[in-house]
Amino acid sequence: QRAVLEPLTSVDGQDEAPHAFFYFREEKSLPKAEVIIEFSDAEREAYESAFFEGEKEYATRLDGLKQNITTHYEKLGKKKNDPQEIKKRIFTYNPILDPSLLNPEDDSFKGRFKKESLYEFGDRVGEDLKGAVAFQFKERISALSERREEDTLETELDFHESFVETRTKLFIGRKELLKKLHDYVNGDSHKIFAVYGSPGCGKSALLAKFYQELKETAQPEDSNSLLIIPHFVGASPGSSALYNLLIRLCEVLKARYNIVDEIPTDIVKISGVLCDFLDKTTDKTVILIDGLNQLDDTNKAHDLVWLPRVLPDNVKFIASTIEGNTREVLTKLTDEGFEVTPLTDDERKSIIQKIPSTFCKTLEEKHIDILLNREETTNPLYLKVAIEELRVFGSFDKLGELIASLPDNVVDLFVFVLDRLERDHGKDIVERLFCLLECSRYGLTTPELKELLSDDKEQVHLAILRQIRDYLLNRGEVIGFFHQQLSKAIREKYLDEAAFSNLRVPQSLSWHGELAEYFMAKSLFLNGENREDPNVRQLIEQPWQ
């Protein structure tokens, strides 16, 4: 009454409420109880009580309200000279009752509408909501659409190009593996090529280097006859969403090959359209996807049902993943590929000498030998983290002892790094900084971190981030973690790994309210607020399922 029929103030500066919609159910859709022969006396009484107004006055008032709404939109339609106004605002639906079905709200009586008879009603509600959103945000949507057409693909490519540059700075060796990738691209295989390996083994760096070589070795006259689409999961905001990945691949192909077919919004249909677009390619096309296992586990992303099974003659498709379910599925799709092998002694020596720090240039042979005797250093990530820790160690005489005392896996080595940062900068600031980054979905910007840390230690947290910059991922202004092992170390040290491993995100990607409360409570707790509040402590310490 006060929002639509006789508004106290205009809504959105307009004469009528632009987003008001009404849905009237036909009265005849609910037959009187006495005509339903299937009901017992008790069921008939419960049915009448639930669905029919007992007070005549209330029924009359409800009928009057419906009539006032109808009259309001009849008058508004005449005022706007739009006879369809009333149909746009009021929808009358006529569902079919099935007396044999238990009522979902109260199983003490029977009678509910058949689901299929409500589809039209549901579709209409969806259309009205979409139309209202389009009307409310039409200028914003128009601006975003223009921006998407103009620079979205180029901006996305910039993210992946930037990622390639950072991952290849210290790339050493791997010539045999790179040759296998080149042989695949130049061969006649019609299958996907799989790159497997353990976390930190260098898969991303390998594919980044291959992407660089592929671009550099292409002859100038071939630059227009070779299309390379790199996609490193995690390199950009939204790059871990399967929907965004498929849309991007389709849009790049559509733009390059002047394909007129429309790209559907239904993700089930998009994978089929991707295959159709690949069939329409006229030049050699190479698609690189790094980190299948890091895709958000929605829309059956890890089932890989969206991957093409057979590739056209001029299309090559390379994908990487770690061990686990995604690898098992990928292995069933192709017998093409290889495992990223550990670093050789020569490669490890070259990495030690190439890391751009004064300290490593003066590392003695005896210390290099101690490093090489540790099997863990055949993992590129472990070796890099270890050398960086040696670089900042203060006692040259005790380097050998430090190397021997290093943990024997990457996760524990990152915990070792966190311990050292705590000693250098203080436990409180280190814990708060890394927990905030870990609790964020895509990462945080520097201003956001400054606000959330809510103290005068901005220079301190910037100094901490500079010390681990090689393990961070910068998506524009957003700072996040690149390596899952660093995230796991933070959860293990600060956030109870068992609780995090049990978290489940709904398929809709909307967080449960309780989970949001957990993150908020954790943030407040780390900021020193409510630290003694038993409710907050209980909230952050309970096991989350």
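Brief remarks follow.
- Residues of the stretch 419-436 that are of a type in the set (K, R) and either exposed (fewer than 14 other Cβ atoms within 10 Å of the Cβ) or under 24 Å from the mean Cα position of the chain (by Cα) (or both): R423, K427, R432.
- Where I352 falls short, out of the listed (1) farther than 30 Å from V252 by Cβ; (2) surrounded by fewer than 20 Cβ atoms within 10 Å (Cβ to Cβ): (2)
- Pairing each residue of the stretch 460-481 that is hydroxyl-bearing (S, T, Y) with any residue that is open to solvent by less than 10 Å² (accessible area, probe 1.4 Å), provided the two are 6+ apart or on different chains, yields C-beta distances under 6 Å for Y471/L486.
- Some residue of the stretch 93-105 being open to solvent by less than 60 Å² (accessible area, probe 1.4 Å) and modelled with pLDDT under 85: yes
- Scan of the stretch 256-298 for residues that are among the hydroxyl-bearing types (S, T, Y) and loosely packed, with under 13 Cβ neighbours inside 10 Å, ordered by number: T265, T282
- Scanning the stretch 337-355 turns up no residue that is under 25 Å from the mean Cα position of the chain (by Cα) and either charged (D, E, K, R) or on the phi > 0 side of the Ramachandran plot (or both).
- Here the stretch 262-292 is the region considered, the condition is being hydroxyl-bearing (S, T, Y) and in contact (Cβ under 8 Å) with a residue 40 or more places away in the chain, and the residue that is farthest from G187 (Cα to Cα) is T281.
- All conditions in (1) open to solvent by 60 Å² or more (accessible area, probe 1.4 Å); (2) within 30 Å of G126 (Cβ to Cβ) hold for T60, with the sole exception of (2).
- Residue in the stretch 106-119 that is nearest to E85 (Cα to Cα), counting only those that are open to solvent by less than 70 Å² (accessible area, probe 1.4 Å) and at pLDDT below 80: D106
- Residue list for the stretch 299-349, filter: open to solvent by less than 10 Å² (accessible area, probe 1.4 Å) and in a strand (DSSP E or B): V315, K316, F317, I318, A319, S320, T321
- Set side by side, the residues Y73, Y47 differ, and just one is within 24 Å of D128 (Cα to Cα) and surrounded by 10 or more Cβ atoms within 10 Å (Cβ to Cβ), which is Y73.
- Segments classed as helices (runs of 4 or more DSSP H), wholly inside the stretch 157-267, with at least 2 members that are among the basic types (K, R) and farther than 22 Å from L292 by Cα: 175-186, 242-256
- Residue among G126, G122, G131 that alone is within 38 Å of the chain's Cα centre (by Cα), loosely packed, with under 12 Cβ neighbours inside 10 Å and more than 30 Å from S49 (Cα to Cα): G126
- Selection status of E53, assigned to a loop (DSSP other than H, G, I, E, B), touching a strand residue (DSSP E or B) at 6+ places or on another chain (Cβ under 6 Å) and open to solvent by 70 Å² or more (accessible area, probe 1.4 Å): no
- When residues of the stretch 151-171 are limited to those that are modelled with pLDDT under 85 and of a type in the set (V, I, T), the one least open to solvent (accessible area, probe 1.4 Å): T168
- Condition check for D98 on (1) in a strand (DSSP E or B); (2) farther than 30 Å from E45 by Cα: one failure, at (2).
The values are calculated or read from the model by the stated rules, or taken from the named source; none is laboratory data. Bear in mind that the values here come from a model prediction, so they are computed numbers and not experimental data. Backbone-built Cβ (ideal geometry, glycine too); neighbour counts: all protein chains shown. When the accessible area is computed, the model is the full protein with side chains, heavy atoms only, and any ligands, DNA or RNA have been set aside. Shrake-Rupley method; radii C 1.70, N 1.55, O 1.52, S 1.80 Å.
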